[in-house]
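Encoded as structure tokens, the structure appears first; notes follow it.
The values are calculated or read from the model by the stated rules, or taken from the named source; none is laboratory data. Just so you know, these numbers come straight off a predicted model, no measurement behind them. Backbone-built Cβ (ideal geometry, glycine too); neighbour counts: all protein chains shown.
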Amino acid sequence: METANRTTGPYIGAPIKRREDFRFITGRATFVDDIKLPNMLHAAVLRSPRAHARIHAIDTSKALKIPGVVKIFTFDDLGELAVPVPIRMYQLAGLERHLQPLLAHDKVRYVGEPVALAIAESRYLAEDALDAVEIEYEDLPAVVDVYEAMKNEILIDETAGTNIAAVHEFSIGDVDQAFREAEYIRREEFRVHRFTGNPLETRGFVAAFDSGKGELTVWGVTKLPHLNRQTIAAFLKMPERKLHFIENDVGGGFGIRGELYPEDFLIPFASVKLGQPVKWIEDRREHLMAANHSRENRCQLEVAARKDGTILAFRAMVYGDMGAYVRTHGGLVPCSTAALLTGPYRVPNYQAKIHLVVTNKTGLGTFRAPGRYESCFYRERMIELMAKDLAIEPVELRFKNLIRPEEIPYTVGVTRPGSAPTVLDSGNYPSALRRGLKEFEYEKLKPLQGQLKSGRYYGTGIACFVKNTGGLEPYEGARIVLGDRNDVAVYLSISMLGQGHETAMAQICADALGVPMDWITVYHGNTDTTPFGWGTFASRGTVMCGSAVHLAGQRLKQKLLSLAAEQIGVAADALELREGKIYRLSTEAVPLDLDEIVSRVRHSGTLNQGLPELEETAYFHSNQMTYSYGVHLAHVAVDAETGVMEVLKYLVVEDIGRAINPLLIHGQTVGSAVQGIGGTMLEELIYDGNGQLLTGSLMDYLLPTSTDVPDIGSVTLEEAPSPLNPLGVKGAGEGGIVGTGAALANALSNALAIYSIQVKSLPLTPDRIRAWISGRAC
Amino acid sequence: MSAKQVIKITVNGRAFERLVEVRMTLADFIRQELDLTGTHLGCEHGVCGACTILVNGEAVRSCLMLAVQAGGARLETVEGLANGNELHPLQRAFNDHHALQCGFCTPGFLMTAVAVLKENPAPTREQAREAISGNICRCTGYQPIIDAVVQAALELRGSQREPSK
């Protein structure tokens with residue numbers, strides 16, 4: 001892509017190179033492990049090697065004798081602060097019975113559960129201490145399968161009396177009637193495996209308690225700085241303002257980072273108790289066994305249709321494997337699977353029942369497009385199976401059922417617990433599919449479906465999607481402050497996890513305010529500079545915070561024009577602010593430099609005495625979500641002898657309403673597609689029957705590398721701006737991943753049609769493909 | 001366990017003499033003892049490549065070496081790549097192609113690429129793809145990194161000639 005170092009507006013829409021890159025490419029960025037404070041201690045977490053066991057005794061005496069080991073905290077040390085990690089979203093009744101304690105006491109329930117926290121003068125010594133702690137366990141049988149767990153023969157928590165943590169159901173239209181009237185019914189069971197985001201930087205946390213001031217500064221927990229501060233302040237029984245959450249640079253988020261885990265409570269606790277800064281950096285093995293896992297669920301899906309392919313109803317039973325404890329996201333992942341299961345199609349009757357089940361595995365949380373990746377796989381596989389049964393071209397079947405532009409805004413109904421109805425806000429779904437087929441040269445590839453050439457079978461797969469973006473939490477804010485000498489500071493209420501806010505938000509501010517982009521510096525993720533905010537997740541950064549920047553910029557511009565009008569002696573609406581200069585609309589008079597206004601106001605002593613201040617704060621509110629949409633297309637070749645599938649060609653078409661920076665959007669789309677391809681073809685968190693995690697290193701848990709994926713095609717459409725925000729934008733972070741499982745599974749099924757393979761579960765690893773070829777059920 | 005040894009080492013042209021624990025990894029030594037935190041640790045078991053540095057000109061995973069094994073060696077890290085504020089062509093190319101998002105893997109990719117281009121100053125796109133396949137990036141999908149390596153190679157050769165396919 002042609003990139004730009006643009007020096008004049010409009011900036012929105014230009015593929016401007018990132019301004020934040022300099023510190024990263026020179027090694028000068030500050031990630032959490034780069035923070036080094038005087039008297040800093042180091043923590044290491046002792047984790048359970050057992051999946052399910054009673055703890056009879058913990059003996060720390062030998063560990064404490066090691067010189068340099070300062071303290072070992074166990075559950076009893078927590079005293080009155082022994083609260084569990086709270087649920088913050090999708091708090092379905094019943095889930096509260098399965099909260100995670102900060103440190104295990106009576107029982108451990110998954111491999112990796114924190115049992116003790118060692119504090120020492122170095123990380124090396126802290127790990128020595130872990131080796132010297134003696135714990136007496138009594139093993140209990142483990143349960144790692146949802147259906148097995150639902151039998152309640154082995155209870156994860158005896159006091160709950162059941163492993164079914166919660167059940168949620170909803171119904172839209174008259175599903176039973178639709179099934180009675182249907183000419184065609186099909187029922188299938190699908191499964192999506194367990195995998196997770198694996199940001200390249202593991203989790204980490206530095207907490208520094210200043211006992212003089214009674215204040216705590218923390219680095220490392222980003223994504224939701226304000227909510228995290230609120231939760232930790234409540235835990236420590238301290239006023240929020242005495243906690244300072246500082247966002248340092250962050251090595252990727254993808255849903256997993258920035259949620260609160262036991263360690264995020266324990267490290268501040270340790271710092272307060274010991275009166276010294278404490279650092280904890282997770283290693284990769286810990287990350288794979290302790291940070292949120294994601295996805296894993298099963299879906300029994302039934303479809304009712306007419307013979308001509310018109311879908312009448314869906315009925316879905318979703319079973320979410322929550323792991324041993326329900327973490328901060330509550331029931332989000334399985335509930336979101338059901339929420340968007342109907343996707344971009346007209347499904348007038350829809351019923352879903354979601355079971356959230358606990359097992360002896362690591363807790364479940366979000367990973368990029370949580371639930372939507374899963375439901376896209378279920379739905380798009382079902383569409384293909386229907387098409388085969390009804391002898392209709394799969395593409396035609398999709399066009400027949402896609403919601404037409406004139407039906408939009410389209411109300412799906414209430415699909416999320418305690419939320420307003422799901423309303424698809426804007427879009428032309430058939431147009432996106434047509435564009436995808438054309439760009440991909442689908443008609444040329446179609447004759448290759450199922451053909452054997454040079455030892456490999458060829459197949460092409462399609463997946464249509466919608467993805468909710470923005471919204472979710474009600475607001476975000478931005479504050480713009482003018483300084484002397486053309487200095488504009490923009491403070492965001494959200495954090496950055498690699499997306500490029502320092503560039504994109506500067507583009508939005510420059511256009512809204514009417515100043516050159518290089519005057520602007522963007523700050524983010526610090527609770528001291530913006531008192532209120534939510535965070536960066538669900539592709540909501542640009543939608544919510546970008547809109548706040550736009551509003552603040554526009555309002556500040558009005559203030560400045562009023563000031564200039566007063567100075568010049570004309571009406572404000574006779575003036576225009578452009579590229580940092582104030583022009584008179586009707587004359588050729590020499591423009592006034594903005595800095596002259598700023599200097600006068602700053603130095604005349606009139607600040608707060610009638611004249612507007614040189615700053616503006618705006619909050620953008622929205623309870624509704626915007627829906628990006630599009631199509632994924634995959635073309636693959638499969639070696640039937642080895643089971644190895646190669647992705648030859650991949651395309652993502654996504655309409656995001658309006659593109660702020662096409663360079664960054666292209667990066668989001670390609671990067672998330674590769675994450676999805678890796679997750680579909682390489683990655684799986686595998687447990688054995690005893691609940692041991694078999695994939696505890698990157699040698700067992702395979703992340704995609706440059707030779708595993710082809711170049712990804714990406715088409716960004718701007719046909720349907722969102723009516724729900726002033727910029728017309730929709731989020732671009734997740735559309736690239738949402739259809740990967742579905743498109744690849746469809747491509748594989750088409751390639752191996754000769755073997756009558758219809759993929760019903762993921763991942764698509766060579767061993768599983770081989771098993772299907774040799775006749776095992778999918 | 002806490003045995004110590006003195007090592008002499010040159011990092012980015014500067015000589016250091018330090019007493020180190022023999023069990024300390026080279027990566028931890030660079031980061032903790034020399035405060036050169038541009039070298040990152042993504043897995044600490046030699047898979048992700050974030051900790052890649054040059055040891056006597058060769059790309060090495062500094063998490064898999066002990067500091068004492070590097071005694072007497074000449075090391076180059078990402079901090080030594082730019083000449084003051086004048087960026088190395090690879091650094092410029094990474095910015096031009098949006099070859100980083102979170103930036104955590106970037107120092108490892110840059111140092112790998114320095115070694116790659118020394119060995120093959122004119123890589124094709126496919127050769128560049130192969131050459132960086134030992135490093136993991138979770139954000140970009142690799143395409144822009146490959147483009148950046150090819151562009152930097154062109155610039156380093158001082159030629160506008162397209163590499164042979």
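Within the range A:664-700, take every residue that is over 25 Å from A:S539 (Cα atoms) and of a type in the set (G, A, S) and give me the one that is farthest from the chain's Cα centre (by Cα).
Within the range A:664-700, the match that is farthest from the chain's Cα centre (by Cα) is A:G689.
Scan the range A:192-211 residue by residue and report those that are of a type in the set (S, T, Y) and within 23 Å of the chain's Cα centre (by Cα).
Correct list: A:T196, A:T202.
Take the residues of the range A:686-708 that are more than 9 Å from chain B (Cβ to nearest Cβ) and of a type in the set (V, I, T): which is surrounded by the most Cβ atoms within 10 Å (Cβ to Cβ)?
Here the residue is A:T695.
Exactly one of these conditions fails for A:V412: (1) in contact (Cβ under 8 Å) with a residue 12 or more places away in the chain; (2) more than 18 Å from A:C464 (Cβ to Cβ). Give me its number.
It fails just one condition, (2).
Please verify whether A:L748 is within 30 Å of A:V466 (Cβ to Cβ), touching a residue at least 24 places away in the same chain (Cβ under 8 Å) and part of a helix (DSSP H, G or I), treating the condition exactly as stated.
Answer is yes for this residue.
Restricting to the range A:21-60, what's the tally of residues that are more than 8 Å from chain B (Cβ to nearest Cβ) and part of a loop (DSSP other than H, G, I, E, B)?
The number of residues fulfilling the criteria is 11.
Scan (1) away from every other protein chain (no Cβ under 12 Å); (2) out of contact with any strand residue (DSSP E or B) (no Cβ under 9 Å at 6 or more places or on another chain); (3) not in a helix (DSSP H, G or I) for the single condition B:L154 breaks and write down its number.
(3)
Within the range A:582-632, work out how many residues are acidic (D, E), at pLDDT below 85 and touching a strand residue (DSSP E or B) at 6+ places or on another chain (Cβ under 8 Å).
1
I'd like the full set of residues that are among the β-branched types (V, I, T) and either surrounded by fewer than 20 Cβ atoms within 10 Å (Cβ to Cβ) or at the interface with chain B (Cβ under 8 Å from one of its Cβ atoms) (or both), limited to the range A:1-20.
A:T3, A:T7, A:T8
Take A:E683 and decide whether it is more than 26 Å from A:P344 (Cβ to Cβ), in contact with a Ser or Thr (Cβ under 9 Å, 6 or more places away or on another chain), buried (at least 20 other Cβ atoms within 10 Å of the Cβ) and touching a residue at least 12 places away in the same chain (Cβ under 8 Å). Give the steps one after another, and end with the answer.
On the way: more than 26 Å from A:P344 (Cβ to Cβ): yes; in contact with a Ser or Thr (Cβ under 9 Å, 6 or more places away or on another chain): yes; buried (at least 20 other Cβ atoms within 10 Å of the Cβ): yes; touching a residue at least 12 places away in the same chain (Cβ under 8 Å): yes.
Here the answer is yes, as A:E683 does meet what is asked.
What are the pairs with Cβ atoms under 7 angstrom where one residue, in the range A:752-768, is touching a residue at least 40 places away in the same chain (Cβ under 8 Å) and the other, located anywhere, is surrounded by fewer than 21 Cβ atoms within 10 Å (Cβ to Cβ) and among the polar types (S, T, N, Q)? Sequence gap at least six, or different chains.
So the pair list comes out as A:P766/A:T642.
Any residue at all in the range B:121-129 that is at the interface with chain A (Cβ under 9 Å from one of its Cβ atoms), surrounded by 24 or more Cβ atoms within 10 Å (Cβ to Cβ) and modelled with pLDDT of 95 or more?
Yes; the residues of the range B:121-129 include at least one that is at the interface with chain A (Cβ under 9 Å from one of its Cβ atoms), surrounded by 24 or more Cβ atoms within 10 Å (Cβ to Cβ) and modelled with pLDDT of 95 or more.
Would you check which residues across the range A:81-122 are surrounded by fewer than 19 Cβ atoms within 10 Å (Cβ to Cβ) and part of a helix (DSSP H, G or I) and list them?
Across the range A:81-122, the qualifying residues are A:L81, A:E96, A:R97.
When the range A:548-568 is examined, which residues are found to be more than 45 Å from the chain's Cα centre (by Cα) and modelled with pLDDT of 90 or more?
The first filter runs over the range A:548-568 and keeps only residues more than 45 Å from the chain's Cα centre (by Cα), leaving A:565-568.
Passing the criteria: only A:A565.
From the list A:T60, A:T74, A:T8, which one is of a type in the set (S, T, N, Q) and over 28 Å from A:K273 (Cβ atoms)? Even if it seems obvious, please write down each step before you answer.
Values: A:T60 fails: over 28 Å from A:K273 (Cβ atoms); A:T74 fails: over 28 Å from A:K273 (Cβ atoms).
Going through A:T60, A:T74, A:T8 in turn, just one is of a type in the set (S, T, N, Q) and over 28 Å from A:K273 (Cβ atoms): A:T8.
Does A:R285 count as under 23 Å from A:V108 (Cα atoms) and over 20 Å from the mean Cα position of the chain (by Cα)? Let's see the steps before the verdict.
On the way: under 23 Å from A:V108 (Cα atoms): yes; over 20 Å from the mean Cα position of the chain (by Cα): yes.
Yes, satisfied.
Identify, from the list A:H105, A:H98, the residue that is farther than 30 Å from B:V114 by Cα and either modelled with pLDDT under 95 or within 11 Å of another protein chain (Cβ to nearest Cβ) (or both).
Only one candidate passes the filter, namely A:H105.
Working carefully through the options A:G436, A:G450, find the one that is more than 30 Å from A:L694 (Cβ to Cβ) and part of a loop (DSSP other than H, G, I, E, B).
None of the other options fit; the residue is A:G450.
Take the residues of the range A:488-511 that are outside any helix (DSSP H, G or I) and in contact with a strand residue (DSSP E or B) (Cβ under 8 Å, 6 or more places away or on another chain): which is surrounded by the fewest Cβ atoms within 10 Å (Cβ to Cβ)?
First pass over the range A:488-511, keeping only residues outside any helix (DSSP H, G or I): A:488-500.
Cutting the leftovers down to in contact with a strand residue (DSSP E or B) (Cβ under 8 Å, 6 or more places away or on another chain) gives us A:488-494.
Values: A:V488: 26, A:A489: 17, A:V490: 26, A:Y491: 23, A:L492: 28, A:S493: 29, A:I494: 32.
The qualifying residue surrounded by the fewest Cβ atoms within 10 Å (Cβ to Cβ) is A:A489.
What about B:D147, is it surrounded by fewer than 24 Cβ atoms within 10 Å (Cβ to Cβ), at the interface with another protein chain (Cβ under 7 Å from one of its Cβ atoms), without any contact (Cβ under 8 Å) to a residue 60 or more places away in the chain and under 22 Å from B:G158 (Cβ atoms)?
Numbers: surrounded by fewer than 24 Cβ atoms within 10 Å (Cβ to Cβ): yes; at the interface with another protein chain (Cβ under 7 Å from one of its Cβ atoms): no; without any contact (Cβ under 8 Å) to a residue 60 or more places away in the chain: yes; under 22 Å from B:G158 (Cβ atoms): yes.
So B:D147 fails the test.
Applying the selection to the range A:189-213, what residues are in contact with an Asp or Glu (Cβ under 9 Å, 6 or more places away or on another chain) and either surrounded by fewer than 16 Cβ atoms within 10 Å (Cβ to Cβ) or within 14 Å of another protein chain (Cβ to nearest Cβ) (or both)?
A:F195, A:T196, A:N198, A:E201, A:T202, A:R203, A:G204, A:V206, listed by residue number.
I'd like to verify a number: residues in the range B:41-86 that are in a loop (DSSP other than H, G, I, E, B), of a type outside the set (G, A, S) and within 13 Å of chain A (Cβ to nearest Cβ), how many?
Adding up the residues that qualify gives 10.
Within 16 Å of B:H40 (Cβ to Cβ) and within 14 Å of another protein chain (Cβ to nearest Cβ), is that true of B:N95?
When the stated conditions are applied, B:N95 does not pass them.
Find the residue count for the range B:98-109, including only residues that are facing chain A (nearest Cβ under 7 Å) and assigned to a helix (DSSP H, G or I).
Within the range B:98-109, residues that are facing chain A (nearest Cβ under 7 Å) and assigned to a helix (DSSP H, G or I) number 2.
A:E127 fails exactly one of the following numbered conditions: (1) over 30 Å from A:L340 (Cβ atoms); (2) touching a helix residue (DSSP H, G or I) at 6+ places or on another chain (Cβ under 7 Å); (3) of a type in the set (D, E). What is the number of that condition?
Here A:E127 meets the rest and fails (2).
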